[in-house]
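The values are calculated or read from the model by the stated rules, or taken from the named source; none is laboratory data. Since we're looking at a predicted model, the values are computed, not measured. Reconstructed Cβ throughout: ideal geometry from the backbone, glycine too, with neighbour counts over all protein chains shown. Ligands, DNA and RNA are excluded from the accessible area calculation, which covers all protein heavy atoms including side chains. Shrake-Rupley method; radii C 1.70, N 1.55, O 1.52, S 1.80 Å.
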Amino acid sequence: MNIRDEELLADVITRLIGDVRHVAVGNASPIPATAALLARARGRLQGVGRPYVSLLGSAKHTFWTDGGRELFDCAGQGRIDVFFLSGGQIDGHGNINLVEIGPHDHPKVRFPGSFGSAYLYFVVPKVILFRTEHSRRTLVPQVDFISAPGASDPNVFRTGGPIALVTNRCLFSFKDGRFTLDSVHPGHTVEEVIEHTGFDFDRPKDVPTTAAPSAETLALMRGDVARELAGVYPHFARQVFGVAADAFAK
């Protein structure tokens with residue numbers, strides 16, 4: 001089967017989502033949004049009626065009317081089970097940097113800002129880290145600025161945190177403050193992952209290849225999911241799935 005990278009990554013993320021009540025997705029996150037909608041479509045087929053999916057920036061796929069404020073309220077009340085975060089830098093302790101690279105007084109690079117990432121990192125039980133550029137520039141030994149810490153001291157009350165990191169090369173799981181290489185995507189190798197990763201990580205003796213989406217999953221993704229996605233991410237849906245957004249509203 002001819003499988004695009006975006007389809008593989010969405011399927012990987014859907015498996016990480018698992019059986020939950022509510023998945024929320026922030027702005028500018030078409031692949032996580034695809035995964036969340038795929039999880040919902042599977043739930044509908046199985047008759048379980050979940051997960052509920054909230055896409056920030058969509059009027060159709062959310063009950064929010066006040067954007068980020070309601071997102072934070074829901075998360076603080078324990079009503080969001082899965083969220084997605086990324087960063088200009090991610091280090092081996094699960095810390096993410098959304099602020100700057102270089103000295104604080106004279107940074108070399110400025111990122112958009114944290115926008116509540118530290119808060120969501122602490123209160124959402126399953127946070128999936130996602131980065132499509134897997135390089136030593138993005139996956140670093142230590143971030144220049146900690147926008148959100150991957151782990152906390154034992155005396156810090158924390159109900160959430162990272163469970164995994166999905167990149168264009170592989171899947172890492174996260175536990176006890178360290179990443180473990182769970183699988184390498186088709187067309188990539190363990191040696192390549194080591195070469196392009198700036199932090200140390202654990203790995204089993206034999207690292208499996210990431211499973212490809214099944215024919216049934218691809219049909220669902222390219223059909224109902226792509227049509228739902230087109231109203232929120234029209235360019236992505238057209239480029240990846242060849243679906244136009246004309247008939248679908250946000």
Odd one out for Leu45, checked against (1) part of a loop (DSSP other than H, G, I, E, B); (2) of a type outside the set (S, T, N, Q); (3) touching a residue at least 40 places away in the same chain (Cβ under 8 Å)
(1)
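The rows are residues; the columns are (1) closer than 25 Å to Leu85 by Cβ; (2) in contact (Cβ under 8 Å) with a residue 24 or more places away in the chain; (3) touching a His at 6+ places or on another chain (Cβ under 6 Å).
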site	(1), (2), (3)
Ile194	yes, no, no
Gly198	yes, yes, no
Glu216	no, no, no
Met221	yes, yes, no
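Report whether or not Ser152 is modelled with pLDDT under 95 and either under 21 Å from Phe130 (Cα atoms) or among the hydroxyl-bearing types (Ser, Thr, Tyr) (or both).
Details: modelled with pLDDT under 95: yes; either under 21 Å from Phe130 (Cα atoms) or among the hydroxyl-bearing types (Ser, Thr, Tyr) (or both): yes.
When the stated conditions are applied, Ser152 passes them.
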Could you tell me whether segment 72-83 includes any residue that is open to solvent by 40 Å² or more (accessible area, probe 1.4 Å), without any contact (Cβ under 8 Å) to a residue 60 or more places away in the chain, closer than 30 Å to Thr138 by Cα and hydrophobic (A, V, I, L, M, F, W, C)?
yes
Looking at segment 48-88, which of its residues are within 15 Å of Ala28 (Cα to Cα) and assigned to a helix (DSSP H, G or I)?
Gly68
In segment 108-122, is there at least one residue being modelled with pLDDT of 95 or more, touching a strand residue (DSSP E or B) at 6+ places or on another chain (Cβ under 7 Å) and either closer than 20 Å to Val53 by Cβ or not acidic (Asp, Glu) (or both)?
yes
